[in-house]
1. Touching a residue at least 12 places away in the same chain (Cβ under 8 Å), under 17 Å from residue B:199 (Cα atoms) and either more than 7 Å from chain B (Cβ to nearest Cβ) or touching a Pro at 6+ places or on another chain (Cβ under 6 Å) (or both), is that true of residue A:190?
2. Could you tell me whether any residue of the range B:53-62 is out of contact with any helix residue (DSSP H, G or I) (no Cβ under 7 Å at 6 or more places or on another chain), farther than 21 Å from residue B:83 by Cβ, assigned to a loop (DSSP other than H, G, I, E, B) and modelled with pLDDT of 90 or more?
3. Tell me which residues, restricted to the range B:193-210, are at the interface with another protein chain (Cβ under 7 Å from one of its Cβ atoms), more than 17 Å from the chain's Cα centre (by Cα) and in a helix (DSSP H, G or I).
4. From the set of residues in the range B:155-179 that are within 19 Å of residue A:122 (Cα to Cα), in contact with a Gly (Cβ under 9 Å, 6 or more places away or on another chain) and in contact (Cβ under 8 Å) with a residue 12 or more places away in the chain, which is surrounded by the fewest Cβ atoms within 10 Å (Cβ to Cβ)?
5. I need the full set of residues from the range B:196-210 which are free of Cβ contacts under 8 Å to residues at least 24 places away in the same chain and of a type outside the set (Gly, Ala, Ser), in order please.
6. For the range B:151-184, give me each residue that is in contact with a strand residue (DSSP E or B) (Cβ under 8 Å, 6 or more places away or on another chain), of a type in the set (A, V, I, L, M) and facing another protein chain (nearest Cβ under 7 Å).
7. If you go through the range B:89-104 one residue at a time, do you hit one that is in contact (Cβ under 8 Å) with a residue 60 or more places away in the chain and surrounded by fewer than 17 Cβ atoms within 10 Å (Cβ to Cβ)?
8. Out of B:121, B:79, B:148, which single residue is closer than 22 Å to residue B:37 by Cα and within 14 Å of chain A (Cβ to nearest Cβ)?
2 protein chains.
Amino acid sequence: MPSAAATETPGPGPTGRRGRPGYDQQSVLNVAVEVFNRHGYDATSMGILAENLGISKSAIYHHVPSKEDLLSLALEQALGGLESVWEAPETQHGTAEERLEFVVRSTVRVLTERLPFVTLLLRLRGNTETERKAMERRRGFDRKVAELIGEARAEGTVRSDIDPRTVSRLLFGTVNSIVEWYRPGGALTPERLADDVVAVLFNGLRAGRA
Amino acid sequence: MPSAAATETPGPGPTGRRGRPGYDQQSVLNVAVEVFNRHGYDATSMGILAENLGISKSAIYHHVPSKEDLLSLALEQALGGLESVWEAPETQHGTAEERLEFVVRSTVRVLTERLPFVTLLLRLRGNTETERKAMERRRGFDRKVAELIGEARAEGTVRSDIDPRTVSRLLFGTVNSIVEWYRPGGALTPERLADDVVAVLFNGLRAGRA
């Protein structure tokens with residue numbers, strides 16, 4: 001996922017040394033996403049954003065034409081990261097189970113690297129056109145994973161005694177829930193978390209199944 | 001969970017046959033919870049609620065003194081259901097693994113029976129005192145499950161190669177995510193879903209581990 005890595009830590013944040021801080025679009029976006037996640041997108045006005053940024057509303061409009069454009073740019077960072085998972089050669093060869101494990105592991109990495117952006121994506125309610133388009137792209141990602149689960153069932157590596165839609169839902173439930181509790185920079189590295197998620201999802205919690 | 005079952009389908013909904021529908025407190029609550037989940041609690045005004053109920057704001061105040069009281073009553077239905085899990089005798093005897101399976105199964109049942117109420121609980125952001133109190137009660141529930149996971153590790157039935165906090169987080173992630181997609185009344189019954197969740201969580205997705 002080279003494109004994911006390239007924008008992993010987006011922007012430098014406020015850079016001004018005197019007076020009002022200078023923002024670029026990415027650092028405005030970083031703050032906006034935190035505020036959207038804290039208050040909800042609908043409940044966040046440009047006034048609230050301006051307050052959190054410490055700049056005027058018109059200064060925000062210098063970077064983006066509207067609140068919905070901010071949302072759109074933020075969601076692109078989440079969706080672009082997730083979609084780049086499928087560009088890796090590991091998704092093109094090997095058994096379906098190996099490819100599924102790779103996709104789960106890569107998805108965990110994108111989630112942890114772009115945590116606030118994916119959080120925003122996962123909390124969308126679909127009240128605006130921008131939200132609905134993003135949710136459709138997210139469903140496209142989910143469909144590809146569901147197809148992979150289907151292939152793994154067909155090759156006999158993933159259990160077939162549970163409805164594949166339920167398997168898919170529970171897999172996404174486990175993976176996506178990471179955004180609710182994971183805090184970057186702690187003892188639990190993204191790599192270790194990815195290992196743990198793959199271990200629990202594929203082998204279960206019962207002892208002696210590693 | 002007798003108390004859970006008793007209020008499983010709360011209230012009769014609008015009951016008036018002529019003119020404006022008559023509501024009792026529970027049916028006001030049922031509508032309010034749906035609206036909170038759709039728009040977010042912060043973004044929902046009493047005016048929006050009145051519109052959705054088809055009654056005046058003052059008619060709502062006849063049932064509850066404030067929006068925050070509506071929230072409090074709704075959260076009580078979620079938390080009361082979850083807490084009643086621990087009143088069952090099955091949580092008092094057997095191995096820790098058996099008790100953990102029982103608690104997971106019961107939690108899935110409460111989630112599916114009180115879906116909109118638990119959804120509201122899980123989406124809280126902690127912006128008000130009512131929200132923070134509810135989140136503290138939810139953490140109390142989570143702590144008891146975490147203790148049970150610790151016991152099951154100690155007795156050697158649950159894997160010990162993953163940090164118990166991660167195990168606990170992933171377990172809740174899988175279970176709680178059900179509120180995001182489960183729709184009551186379909187082919188997937190709450191009982192079957194509970195079986196599937198227990199099977200995936202304890203045995204994993206890999207074939208041949210039932």
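1. Numbers: touching a residue at least 12 places away in the same chain (Cβ under 8 Å): yes; under 17 Å from residue B:199 (Cα atoms): no; either more than 7 Å from chain B (Cβ to nearest Cβ) or touching a Pro at 6+ places or on another chain (Cβ under 6 Å) (or both): yes.
In short, no.
2. Narrowing the range B:53-62 to residues out of contact with any helix residue (DSSP H, G or I) (no Cβ under 7 Å at 6 or more places or on another chain): B:54-55, B:58-59, B:61-62.
Narrowing further to those that are farther than 21 Å from residue B:83 by Cβ: B:54-55, B:58-59, B:61-62.
Going one step further and asking which of them are assigned to a loop (DSSP other than H, G, I, E, B), we end up with B:54-55.
Those left that are additionally modelled with pLDDT of 90 or more: B:54-55.
Looking for residues that are out of contact with any helix residue (DSSP H, G or I) (no Cβ under 7 Å at 6 or more places or on another chain), farther than 21 Å from residue B:83 by Cβ, assigned to a loop (DSSP other than H, G, I, E, B) and modelled with pLDDT of 90 or more, one finds at least one in the range B:53-62, hence yes.
3. B:196, B:199, B:200, B:201, B:202, B:203
4. B:176
5. From the range B:196-210, those free of Cβ contacts under 8 Å to residues at least 24 places away in the same chain are B:196, B:199, B:203-210; that's our starting set.
Of everything in the range B:196-210, those that are free of Cβ contacts under 8 Å to residues at least 24 places away in the same chain and of a type outside the set (Gly, Ala, Ser) turn out to be B:196, B:203, B:205, B:206, B:209.
6. Just the residues of the range B:151-184 that are in contact with a strand residue (DSSP E or B) (Cβ under 8 Å, 6 or more places away or on another chain), to begin with: B:152, B:157-159, B:167.
Filter once more, keeping what is of a type in the set (A, V, I, L, M): B:152, B:158, B:167.
Result: B:158, B:167.
7. To start, the set of residues in the range B:89-104 that are in contact (Cβ under 8 Å) with a residue 60 or more places away in the chain comprises B:95-97, B:101, B:104.
Then keep just the ones that are surrounded by fewer than 17 Cβ atoms within 10 Å (Cβ to Cβ); that gives B:95.
Yes, the conditions are met somewhere in the range B:89-104.
8. Just one listed residue meets the conditions, B:121.
The values are calculated or read from the model by the stated rules, or taken from the named source; none is laboratory data. Computed from a prediction, not measured in an experiment: that's the story for all the values here. Quick reminder, even Gly has a Cβ in these numbers, built from the backbone with ideal geometry, and neighbours come from all protein chains shown.
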